[in-house]
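Derivation of every value follows stated rules applied to the coordinates shown; laboratory data play no part. All values reported here derive from a predicted model rather than from experimental measurement. With ideal geometry, Cβ positions are generated from the backbone for all residues, glycine too; neighbour counts draw on all protein chains shown.
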Amino acid sequence: MHNYQAPTELLKDKIILVTGAGDGIGRAAALSYAAHGATVILVGRTTKKLEDVYDEIEAKGYPQAAIVPLNLDSAAEHDYIELANTLQAEFGHLDGVLHNASILGMRTPLANYEPSTFEQVMRVNVTSQFLLTQALMPLLLAAPQASIIFTTSSVGRKARAYWGAYAVSKFATEAMMQLLADELENISKVRVNAINPGATRTNMRAFAYPAEDPSTLKTPEEIMPLYLYLMGEDSSAINGQSLDAQPK
Ligand code: NDP
């Protein structure tokens, strides 16, 4: 799947929502989904970054995107419901969601971890995904088939010292993916999986590993084959899996 070559029209006429679409991996995924025919709903906290992605999609002649500024740290249940109502009125269904946005928090022993940061990381990385998925579920169930992709990390499978709330949030993300996959398997055409991007050249990675040479890392664009595979219908039999975007 690392070498998956997506047909140009893989996502033709699909409506796909991407969180954290303004930067890093989410930006690359939004552009890549649009390049393969999708109408992408760009969700993120910095409107200017979302506008830049919107403009790039337009300049390349891909289907027109939509911008939804939303701060996952401060959003409440009604904000997610409002978003779902807007999408319902505009599109009537949703073919895919990429839960990509997250924050790193502190890299420090749990004994010293700032409680308010712990709660913030859990809110942005976990609670927001629950609220967004719950609000969007009727739209996903209304699609002929739909794909939900969560974003995990190696520390979401085996925790390592100093990764703090981030590691806890990624274990929780794996659990949310497994729960939904199991609950939806026999009653719907919605499949649910997770991607571990692996070391990728973004701001988050540079912040976590300040001494690393970014040019040694894969770019977000280079890891897109799995993002395309899991979003498109070639993966319709895959459910409940946590997959690596880069070969080990
Ligand atoms: P970046 O920090 O580069 O991008 C994260 C995106 O999430 C940004 O667009 C950011 O918005 C958005 N975001 C952060 N907080 C909020 C918020 N409160 N509300 C709305 N949007 C928010 O990270 P990456 O691209 O590296 O990471 C993408 C995903 O991949 C994450 O889930 C991360 O955990 C995971 N991952 C990344 C790895 C890597 O090596 N890069 C490795 C393993 C996992 P803004 O630009 O406005 O700040």
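Couple of notes before you dig in:
- Highest mean packing first, where packing is the average number of other Cβ atoms within 10 Å per residue, the peptides 171-179, 125-133 line up as 125-133, 171-179.
- Paramagnetic reach from Glu114 (point 7 Å along Cα→Cβ, amide N under 20 Å) across region 132-170: 162-170
- log10 of Debye I(q)/I(0), alpha-carbon scatterers only, for region 186-242 at 0.18, 0.19, 0.25 Å⁻¹: -0.69, -0.73, -0.97
- For a paramagnetic label modelled on Thr8 (point 7 Å from Cα along Cα→Cβ), amide N atoms under 14 Å away belong, within region 30-70, to 35-38, 61-63.
- Distance between the C-alpha centres of region 163-181 and region 67-89: 22 Å, rounded to the whole angstrom.
- Pairwise FRET efficiency - Arg160 versus Gln64, Cβ, R0 = 41 Å, nearest 0.05: 0.45
- Share, in percent, of DSSP beta bridges within the chain that are antiparallel, nearest 5: 0 percent
- Note that region 1-73 shows a convex hull volume over its alpha carbon atoms of 86 Å³ per residue.
- Region 79-173: proportion of alpha-carbon pairs further apart than 23 angstrom, %: 35 percent
- For the peptides 241-248, 3-10, 66-73, residues were scored by their other Cβ atoms within 10 Å and the scores averaged per peptide; the highest-first order is 66-73, 241-248, 3-10.
- For region 122-166: Kirkwood Rh in Å [reciprocal of mean 1/r, alpha carbons]: 12.6 Å
- The helix-only estimate of mean residue ellipticity at 222 nm for the chain, built from DSSP H runs of length n ≥ 4 each weighted as -39500 (n - 2.57), is -12000 deg cm²/dmol after division by the residue total.
- Descending semi-axes in whole angstrom, ellipsoid equivalent of region 15-233, from the Cα gyration tensor: 26, 21, 17
- For the peptides 193-204, 25-36, residues were scored by their other Cβ atoms within 10 Å and the scores averaged per peptide; the highest-first order is 25-36, 193-204.
- Net length gained if the chain between Glu77 and Lys189 were fully extended (0.36 nm per residue, minus Cα distance): 37.8 nm
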